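The values are calculated or read from the model by the stated rules, or taken from the named source; none is laboratory data. Being a predicted model, the structure only gives us computed values, none of them experimental. Every residue, glycine among them, receives a Cβ derived from its backbone with ideal geometry; neighbour counts consider all protein chains shown. Accessible surface areas use protein heavy atoms only, side chains included; no ligands, DNA or RNA. Shrake-Rupley method; radii C 1.70, N 1.55, O 1.52, S 1.80 Å.
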Amino acid sequence: MDDLDQLYQDLILDHYKQPRHRQALADKDVSAEAENPLCGDQLRLAVEVDGNCVRSIRHDGKGCAISQASASMMSETLTGKPVAEVRALLGDFIAAMRDEREFDSAWPDEWLALQGVKKFPLRVKCATLAWHALNRALDKQGSS
Amino acid sequence: MAPTPKPQTSGQPLDVQRIRADFPILRQRVHGDRPLVYLDNAATSQKPQAVIDALTTYYTEYNANVHRALHYLGERATAGYEAVRGIIARFIGAPEDGVVIFTRGTTESINLVARTWGPDQVQAGDTIIATGMEHHSNLVPWQMLCQERGAKLKLVPVNDDGTLDLTAYTEYLTDRTRLVAVTHVSNVLGTVNPVREMAQRAHAVGARVLVDAAQSVPYMPVNVADLEADFFVFSGHKCGGPTGAGVCWARRELAEAMPPFMGGGEMIERVHDDHATWAEVPYKFEAGTPSIADVIALGAALEYLEGIGMEAIHAYEQKLTAYAIGALARLPGVRVFGKAPERGGAVSFDVAGLHPHDLSQYVDQQGIAIRAGHLCAQPLMRRLGVPAVSRASLAYYNTTGEIDALVAAIGKAQHFFGHG
Ligand SMILES: Cc1ncc(COP(=O)(O)O)c(C=O)c1O
């Protein structure tokens, strides 16, 4: 596989072309927004927490294939998990994208597919945009 | 300071293959033996061998600090550095009553004016006029100044074709207008703005005019006297020079009335224990050791451009730009921004369903460097209704073959991302 195919793996393109959990959000439902000034990615998340569980994650916005696919993949793989676990996983994934730890081969395929982005340091921000936003959304939920 | 005489140019149309041979970087192959196609010239230009040699010669033969060293090297460095003021004045057709101030680039030049000229001249209730197509560097410093002074900032709207709404501009001008800050050539839309006409109208109400010439100096013959600018600023690195050297040309009477920009060495006349007096212009604005090598090499860059001839460069780039716009506009799903009758070589476009970042990454892997993003012009992006654009920006060393390569790569990208 050349670098470009690694960056845009089939699974990523699939999520880009058919994003999961994507839906036009009403302003009042938005729990976090994120912007990547480098490429003009804009992302909004609506997160619902039910007791200790992340019940749903929905997203909308405009952006590059990596940021959009990553939001879709994140929503798909983290929905339904306990808040504490989601928090830990967010930290792990972001650290792995920053090369601060290894990717865990037990992680979902979607996450592993995003590994190729590491070769393109400028795009790491695109890949982690949604993940940072989810962290902030959970911060807010925790404090309210 | 008397401008140095201009070298003879051939007056011939330019021979692009011969010119390309002057740019070692263009011989490079990237990403698995693909020829490098550099179409990001509005961000920074490539450097001809003459400029690289000027840097090397300076560091190997006469590196020394300027203005203070009374020795052979210091005198040579000072002479080389100071001579560039004359080269610049000649290159930009500066009237006699002005000064060339060295800065790091356009951004620093604009900040210099905003911070030295601004606070004295702009009072609460005054207005500054900029335009809806300014680079952030010709917008944010004015926002900061207006906020500090309680003044108002008005942006001249951009018409659908990429020209400025001059009717609105004229309406905005009042006797409270202190400054008009306008880009000569847009880095996004390519639009060449009618700076002379705008300056005349501004002067009629007593306002000063700052021209951001970052994109015009590398592209077309410019003449500050004709444009009637009060401040004329540009970056050397976009004209074939090194990074770290730029220009703020200012009318002498304005520069003399302005306080210093930074305090330190070089900018003083006499330093007492508790206060100091300032050196004369332009030294008052050049505190500290400047980018000596970069300034000297900027002189070499401008002489290189003069050797080709800015008329020839302009004519060639106009043809190349028309070719690029035509070729891009023929691609299905591609929308080219900026249809001003007079425009420069920045060609921004949008490909339906394809984010600029993905596109630029894709074409990069084919060896083609274009730019993607808001291009430091977020207000203009909002006006265009897009979060970001892709931009191919051309220089006199680009070829139609390179544009064909870009067009082919865009077609492939459309297919790859499933919109072809
Ligand atoms: C029109 C315009 N103004 C200002 C700038 C800023 O130039 P610099 O970054 O060299 O200060 C640029 C370049 O990016 C530009 O295109």
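A few comments on the model shown:
- Filter pass, B:Val113 being under 21 Å from the mean Cα position of the chain (by Cα) and at negative phi: yes
- Here B:Ala329 does not qualify as more than 16 Å from the ligand (Cβ to nearest atom), open to solvent by less than 10 Å² (accessible area, probe 1.4 Å) and more than 18 Å from B:Asn159 (Cβ to Cβ).
- Per the conditions (1) touching a residue at least 24 places away in the same chain (Cβ under 8 Å); (2) open to solvent by less than 10 Å² (accessible area, probe 1.4 Å); (3) of a type outside the set (Asp, Glu); (4) in contact with a strand residue (DSSP E or B) (Cβ under 8 Å, 6 or more places away or on another chain), the sole criterion not satisfied by A:Ala46 is (1).
- Failed item in (1) surrounded by fewer than 24 Cβ atoms within 10 Å (Cβ to Cβ); (2) more than 23 Å from B:Val30 (Cα to Cα), with B:Leu380 passing the rest: (1)
- Filter result (polar (S, T, N, Q) and either open to solvent by less than 10 Å² (accessible area, probe 1.4 Å) or in a loop (DSSP other than H, G, I, E, B) (or both)) within the stretch B:399-420: B:Thr399
- Any chance B:Val247 is touching a strand residue (DSSP E or B) at 6+ places or on another chain (Cβ under 9 Å) and either closer than 27 Å to B:Lys319 by Cα or away from the ligand (no atom under 13 Å from the Cβ) (or both): no
Conditions tested, residue by residue: (1) in contact (Cβ under 8 Å) with a residue 12 or more places away in the chain; (2) at the interface with chain B (Cβ under 9 Å from one of its Cβ atoms); (3) closer than 20 Å to B:Ala388 by Cβ; (4) loosely packed, with under 15 Cβ neighbours inside 10 Å.
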residue: A:Lys28; (1), (2), (3), (4): no, no, no, yes
residue: A:Glu33; (1), (2), (3), (4): yes, no, yes, yes
residue: A:Asp41; (1), (2), (3), (4): yes, yes, yes, no
residue: A:Asp50; (1), (2), (3), (4): no, no, no, yes
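- Of the helices (runs of 4 or more DSSP H) that lie entirely inside the stretch B:1-119, those containing 2 or more residues that are within 16 Å of the ligand (Cβ to nearest atom), touching a helix residue (DSSP H, G or I) at 6+ places or on another chain (Cβ under 9 Å) and open to solvent by less than 40 Å² (accessible area, probe 1.4 Å) span B:106-112.
A quick yes/no check of all residues on (1) aliphatic (A, V, I, L, M); (2) open to solvent by 70 Å² or more (accessible area, probe 1.4 Å); (3) at pLDDT 95 or above; (4) under 22 Å from A:Gln9 (Cα atoms):
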residue: A:Ile57; (1), (2), (3), (4): yes, no, yes, no
residue: A:Gly61; (1), (2), (3), (4): no, no, no, yes
residue: A:Phe93; (1), (2), (3), (4): no, no, yes, yes
residue: A:Val117; (1), (2), (3), (4): yes, no, no, yes
residue: A:Trp131; (1), (2), (3), (4): no, no, yes, yes
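- Every test in (1) at positive phi; (2) crowded, with 24+ Cβ neighbours inside 10 Å; (3) over 20 Å from the mean Cα position of the chain (by Cα) is passed by B:Gly150 save one, and that test is (2).
- Enumeration of residues in the stretch B:375-398 that are away from the ligand (no atom under 16 Å from the Cβ) and either assigned to a loop (DSSP other than H, G, I, E, B) or at the interface with another protein chain (Cβ under 10 Å from one of its Cβ atoms) (or both): B:Gly385, B:Val386, B:Pro387, B:Tyr396, B:Tyr397, B:Asn398
- Selection of first residues in the stretch B:252-275 that are in contact (Cβ under 8 Å) with a residue 24 or more places away in the chain and within 27 Å of B:Asp97 (Cβ to Cβ) and of second residues that are outside any loop (DSSP other than H, G, I, E, B) and open to solvent by 90 Å² or more (accessible area, probe 1.4 Å), restricted to Cβ pairs under 7 Å at least 6 apart or on distinct chains, gives the following pairs, ordered by first then second residue: B:Pro260/B:Trp278; B:Phe261/B:Arg115.
- Filter result for B:Val281 (over 30 Å from B:Ala42 (Cα atoms), in a loop (DSSP other than H, G, I, E, B), touching a residue at least 40 places away in the same chain (Cβ under 8 Å) and not acidic (Asp, Glu)): yes
- So B:Thr177, is it of a type in the set (S, T, N, Q) and in contact with a Lys or Arg (Cβ under 8 Å, 6 or more places away or on another chain): no
- For the stretch B:383-394, a tally of residues being open to solvent by 10 Å² or more (accessible area, probe 1.4 Å) and of a type in the set (Gly, Ala, Ser) returns 1.
- Looking across the stretch A:96-110, just one residue is open to solvent by less than 20 Å² (accessible area, probe 1.4 Å) and either under 20 Å from A:Ala32 (Cβ atoms) or over 14 Å from the mean Cα position of the chain (by Cα) (or both), and that is A:Met97.
- Per the conditions (1) part of a helix (DSSP H, G or I); (2) modelled with pLDDT under 95; (3) within 16 Å of the ligand (Cβ to nearest atom), the sole criterion not satisfied by B:Ala372 is (1).
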